[in-house]
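Asker: Right, I'll just put the structure down here and ask away after.
The values are calculated or read from the model by the stated rules, or taken from the named source; none is laboratory data. Just so we're clear, the structure is a prediction, and the values are computed from it rather than from any experiment. Cβ coordinates were reconstructed from backbone atoms using ideal geometry, including for glycine residues, and neighbour counts include every protein chain displayed.
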């Protein structure tokens, strides 16, 4: 009986230790900024979102980033109204955008050592209920126990069912917008 108790305690310690080590491999975003910029000859449109959240598994390179679409802030209230409308992003029906994927070249990143690490990410980006495969460049900066992830890429709006063929939006909104992501992560 004593032998079984010792084995059971040893097994429980092993399971608890394994759960603890898995927790240590997870980084959670504490601050983030998603910015998109649309440039046309008529006007520039820019919006920022500070409400996105994400996680990175430093052992596997898997990451998830969720962006509440109504969190985008515009300088002009009417632009924000149009952005959220069912003619554009229909944020009531599709409240979040999401990117889920994996960091490639993860073996070249040391999350315990200050430095700047260029990486690539691949995964699936979902906007307005449409999911597309993406391959983008990113940069991971480790500094003073904080991890910063930065990336900038272009999104073709028509790929996600966002098209304006006539009227003012067809001239004022670029067919391809630049998206910049900056996330600050810390140990969970």
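Asker: Can you tell me which residue in region 66-79 is farthest from residue 124 (Cα to Cα), limited to those that are out of contact with any helix residue (DSSP H, G or I) (no Cβ under 9 Å at 6 or more places or on another chain) and buried (at least 16 other Cβ atoms within 10 Å of the Cβ)? Write out each step before concluding.
Answerer: Initial filter on region 66-79 (out of contact with any helix residue (DSSP H, G or I) (no Cβ under 9 Å at 6 or more places or on another chain)): 66-68, 71, 75-79.
With the extra rule that they be buried (at least 16 other Cβ atoms within 10 Å of the Cβ), the set shrinks to 66-67, 71, 79.
On the way: 66: 12, 67: 14, 71: 21, 79: 27 Å.
That would be 79.
Asker: Could I ask something else about it? From the residues in region 100-119 that are at pLDDT 95 or above and surrounded by 14 or more Cβ atoms within 10 Å (Cβ to Cβ), which one is farthest from residue 163 (Cα to Cα)?
Answerer: 109
Asker: So, one more: How many of the residues in region 88-99 are loosely packed, with under 12 Cβ neighbours inside 10 Å and either under 18 Å from residue 181 (Cβ atoms) or in contact with a helix residue (DSSP H, G or I) (Cβ under 8 Å, 6 or more places away or on another chain) (or both)?
Answerer: As a first pass, look at region 88-99 and keep what is loosely packed, with under 12 Cβ neighbours inside 10 Å: 92-93.
Subsequent filtering for residues that are either under 18 Å from residue 181 (Cβ atoms) or in contact with a helix residue (DSSP H, G or I) (Cβ under 8 Å, 6 or more places away or on another chain) (or both) retains 92.
Number satisfying all stated conditions: 1.
Asker: Within region 147-187, count every residue that is touching a residue at least 24 places away in the same chain (Cβ under 8 Å) and in contact with a strand residue (DSSP E or B) (Cβ under 6 Å, 6 or more places away or on another chain). Don't jump to the end; show me each part of the working.
Answerer: To start, the set of residues in region 147-187 that are touching a residue at least 24 places away in the same chain (Cβ under 8 Å) comprises 147-155, 159-162, 169, 171-174, 177-187.
Then drop every residue that is not in contact with a strand residue (DSSP E or B) (Cβ under 6 Å, 6 or more places away or on another chain), which leaves 147-155, 159-161, 173-174, 177-186.
Total satisfying the criteria: 24.
Asker: Further, regarding this structure: Would you call residue 112 in contact (Cβ under 8 Å) with a residue 12 or more places away in the chain and within 20 Å of the chain's Cα centre (by Cα)?
Answerer: On the way: in contact (Cβ under 8 Å) with a residue 12 or more places away in the chain: yes; within 20 Å of the chain's Cα centre (by Cα): no.
It is false that residue 112 is in contact (Cβ under 8 Å) with a residue 12 or more places away in the chain and within 20 Å of the chain's Cα centre (by Cα).
Asker: Inside region 120-142, can you point out the residues that are in a strand (DSSP E or B) and surrounded by fewer than 12 Cβ atoms within 10 Å (Cβ to Cβ)?
Answerer: Step one: filter region 120-142 for residues in a strand (DSSP E or B), giving 120-127, 130-142.
133, 135 - these are the residues of region 120-142 that are in a strand (DSSP E or B) and surrounded by fewer than 12 Cβ atoms within 10 Å (Cβ to Cβ).
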